[in-house]
Amino acid sequence: MWSSRRFTMASISGVLQATMTVVLILAGFIVLFLMYYKSSPSPKCYPRPAHPGQLKKPVLLLWFWPENKRFDFKDCKTLFNIDSCHLTDNRALYSTAREVLIFHKAIKDDLSNLPSSPRAKFQRWIWFNMDSPTNTRQIKGIEGLFNLTLSYRKDSDIQVRWKLGTEKASGDFVLPKKERSVCWIVESSELLNKSDDRFNYYRELEKHIKVDIFDSSSDELVNGENYFQTISSCKFYLSFEDSIHKDYITEKFNGPLAVGTVPIVLGPPRMNYEDFAPGNAFIHVNDFPDAAALAEFIQKLDGDNEAYMRYFDWRQFYTPRRHLTDQHQFALAICQACRHVALHRVYRVVKDVHKWFFE
């Protein structure tokens with residue numbers, strides 16, 4: 001009996017020893033495997049070949065130069081610190097361009113100068129128009145061609161606006177030397193021939209106050225530094241828009257703000273202007289019952305320097321920037337499109353660009 005128990009105990013001991021031996025061997029293999037795995041190089045994962053729509057710097061093809069005003073694409077980096085896409089006007093790159101920027105005014109009525117090749121699935125066409133609906137012709141057949149919109153409007157996919165900087169200006173504001181009271185840069189021939197809101201209002205205003213007119217058909221006057229010097233020499237400037245539409249507030253408003261002149265605005269309602277500039281930075285014609293009342297207010301303000309200077313209090317908090325003229329007139333819009341396409345890659349379609357813009 002005792003010998004039987006001794007045999008059973010010996011058998012159990014042998015099994016345990018064998019099990020421990022197997023466990024130790026397996027543990028050794030596991031340790032060796034882990035040491036090898038950690039010391040071995042990571043497996044290489046080769047990315048898929050880059051699709052034209054997935055390049056780090058997307059290709060943005062400018063199909064038309066707006067009004068043939070050409071500039072060096074490198075100026076986007078120099079002027080606006082924008083270098084997020086590859087800008088080109090080389091139509092041979094159409095098939096690889098992720099976006100195509102198409103200037104509305106250059107499109108022919110029969111669409112014959114638009115890209116003839118089908119648009120790739122990854123590609124987006126951008127409708128580029130800086131004019132108001134009053135000055136934009138409807139072109140049949142383009143209603144559903146575009147994926148994105150670029151214009152002055154706040155509800156555009158890409159809105160173009162010369163914004164006031166929010167950084168505090170360095171030093172106190174110094175008013176430029178003023179040689180005139182009220183000025184306007186406009187084509188002299190239009191003063192007699194045209195009859196819209198701005199000209200009708202001007203004709204009433206000039207009955208009560210002198211307005212110095214500068215002919216915009218003179219290139220020497222309206223281009224570059226001469227343009228800003230002319231406006232800065234005036235205490236007030238008629239920032240009259242050629243048509244009245246929401247958000248249609250152009251460089252006619254930005255110019256006086258940038259050079260230290262008070263804009264007298266005619267355009268959308270005051271509230272819309274205050275979306276883009278402080279309410280105490282300008283005078284709106286709608287604040288007065290008629291042109292005679294406005295003229296009386298200007299004359300009083302012209303003789304009260306303290307009250308006049310209050311129109312520049314906003315410069316303690318904002319810094320205006322001169323807009324570009326000459327060949328760079330459309331540079332901001334094109335460069336902003338470059339920035340947008342690099343940041344926003346969602347594919348969408350404008351179902352009816354005419355309905356959105358004109359209605």
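Read the figures in this text as sums done on the coordinates, not as results from a lab. Nothing here was measured: the structure is a model prediction, and the numbers come from that model. Reconstructed Cβ throughout: ideal geometry from the backbone, glycine too, with neighbour counts over all protein chains shown.
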For segment 120-139, check the following and say yes or no: at least one residue is free of Cβ contacts under 8 Å to residues at least 12 places away in the same chain and buried (at least 17 other Cβ atoms within 10 Å of the Cβ). no
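Okay, residues lined up against (1) under 30 Å from GLU206 (Cβ atoms); (2) in contact (Cβ under 8 Å) with a residue 40 or more places away in the chain; (3) surrounded by 15 or more Cβ atoms within 10 Å (Cβ to Cβ):
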site: SER112; (1), (2), (3): no, no, no
site: ILE142; (1), (2), (3): no, yes, yes
site: LEU150; (1), (2), (3): no, yes, yes
site: ILE158; (1), (2), (3): no, yes, yes
site: GLU179; (1), (2), (3): yes, yes, no
site: SER188; (1), (2), (3): yes, no, no
For segment 288-334, which residues satisfy the criterion of being farther than 30 Å from TRP63 by Cβ, of a type in the set (Gly, Ala, Ser) and either under 36 Å from the mean Cα position of the chain (by Cα) or assigned to a helix (DSSP H, G or I) (or both)? ALA291, ALA292, ALA293, ALA295, ALA307
Taking segment 276-291 and keeping residues in contact (Cβ under 8 Å) with a residue 60 or more places away in the chain and either surrounded by fewer than 14 Cβ atoms within 10 Å (Cβ to Cβ) or of a type in the set (Val, Ile, Thr) (or both) leaves VAL285, ASP290
